Amino acid sequence: MNSITNNCKFNIDFIGKKKIFFIISASLMAIILICTAVFGVKLNINFRGGSIVSYSYTDEAKFDELEAVVEEAIGKDVTISTKQSFGDNPDELDITIADKESLSAEEQVALEDAVSKKYGKQLTLLSVTNVQPSIGSEFLGKSMLAVFYACVILIVYVAIRFKKISGWSAGITSIIALLHDLLIVFGTFVIFRIELDYNFIAVLLTILGYSVNDTIVIYDRARENKRHYGNKMSDKDLFNLSINQSLSRSINTSVTTIATMLVVCLVAYFANVQSIISFAFPIIIGMISGVYSTVCIAGPLWVTWQDFKANKHRKGSKKNSK
C-alpha cells in the first residue's frame, strides 16, 4: 500500500477510521432528531398558513416595539419584515402571522387599532392577505417526491456506470451519504430556527447535485484503479487510494464554492436580506457536509458492505463444505 500511495499528495487511512466517522454521523443525526422533537420545525407561512398584513411607511420610523404591540393586540406570534423600495415608491413593512387559521375580522380590527394608536400616520395599511397552507403543502410534497425519484435514478445510474466496483452497492451507499447531507441541511434549519420555505427545497436540490457529483468522482477513480490493479489491491486499499487521489480536488472545489457563498451570506446579513441568508447559510453547511460524507462516509460504507458480503460468502462456503 505504501509504494502505491507514495505518488499521492495525501496518505490518510480513511477506511481504517470508519468507525469514528460513523459514530460522528450517528451522533449528529441523533442531535438533529432530538432538536426536532424538542423545538419542532419552524414552518414558513406558505406551508403553515396564516395572514400577511402590509403597511407602507415614508418616515424614518422605528419599529422595535411593533412586534410586541401586535402580539399583545391579537395574542399570536408575529414576524416583522421590511422591504426597501426604489424611486419615489414608499417602503413597505409586512406583519406575518403564521397560524393554521387566518386573522378574523375582529383580530384585524384589533391589530389596526393597536398600530394606529402607537404609530399614527407613520404606517398606512396597504393590504391584508390570507394564505392557505394547502398550496405550500402540495408543493412540498411534490418536491419531496422529486427528490425521491432523483435518488432512484441516481442509484440506477451509478449501478450501471460502476459495474466494476459492484455498482448496486456503490449506488445505494452514495444515496445513504446523500441522505446524510440532506438531513444535516434539515437540521441546520431546525437548530438555527430558520423557517422552512421554498429556499429549503432549493437548498436540498442544490446539495443533492453537488454531493453526488463529488462522490461519483471518487467512484470513477476507484473504478480506474480497480481496472489498473485488479485483485492485487484489497477493497480497503482501493478506496483509500482513490479517496486520497481525489482529496485535493474535493477540498479545492469545496473551499472555492463555500468562500463564494460565505461572501453572499455576509453581504445579505449586513444588508438584512433574510431570504438570501436562509438560502446561503444552509448551502454552506450542506457543502461542508457533502465533502465530509463523500470522503468519510460513502467510501468506508461501501468497503463495509463488501466486507459483510465477503464474510457472509465465507460462512456459506464453510457450511456447504461440512
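Odds and ends about this structure:
- Within the chain, longest stretch free of exposed chymotrypsin sites (Phe, Trp or Tyr not before Pro) [DSSP loop, at most 16 other beta carbons within 10 Å]: 193-322
- Each helix, a run of at least 4 DSSP H residues, gives -39500 (n - 2.57); summed and divided by the residues of the chain, these come to -23500 deg cm²/dmol at 222 nm.
- Region 198-246: C-alpha gyration tensor shape, a/c 1.5 cut-off, then a/b vs b/c: prolate
- Close amide H pairs (under 5 Å, H built 1.01 Å from N) link residue 126 with 54, 55, 56, residues at least 5 positions away or on another chain.
- Three-way shape label, region 46-178, alpha-carbon gyration tensor, a/c 1.5: prolate
- A simple spin-label model places the labels of residue 104 and residue 27 5.1 nm from each other, with each point 7 Å out along Cα-to-Cβ.
- Taking the Cα centre of the chain as reference, the dipole from Cβ charges on Lys and Arg (+1) and Asp and Glu (-1) amounts to some 3680 debye.
- Helices of the chain meeting both criteria, an alpha-carbon length of 18 angstrom or more along the long axis and an average Kyte-Doolittle score not below -1.0, with helices taken as full DSSP H segments, are 18-39, 105-119, 133-161, 167-191, 198-229, 235-270, 274-293.
- Carbon + sulfur, % of accessible area of the chain - ligands and nucleic acids excluded, 1.4 Å: 60
- When mean projected area of the Cα convex hull in nm² is computed from the coordinates, the matching label among [x] 16.3; [y] 18.8; [z] 21.9 is [z].
- Accessible surface, the chain, averaged per residue in Å² (probe 1.4 Å): 55
- Listed peptides 106-113, 140-147 by packing density, highest first (mean Cβ within 10 Å): 106-113, 140-147
- Amide H contacts under 5 Å for residue 50, placed H, 5+ residues apart: 99, 131
- Cα gyration tensor shape of region 187-322, rounded if a/c is under 1.5, else prolate or oblate by comparing a/b with b/c: prolate
- Reachable lysines, given that their alpha-carbon falls under 17 Å from the alpha-carbon of residue 62 and they are not under 8 places away in the same chain: 83, 117, 118, 121
The values are calculated or read from the model by the stated rules, or taken from the named source; none is laboratory data. All values reported here derive from a predicted model rather than from experimental measurement. Every residue, glycine as well, gets a Cβ built from its backbone with ideal geometry; the counts of neighbours run over all protein chains shown. What goes into the accessible areas is simple: the full protein's heavy atoms, side chains included, and nothing from ligands, DNA or RNA. Shrake-Rupley method; radii C 1.70, N 1.55, O 1.52, S 1.80 Å.
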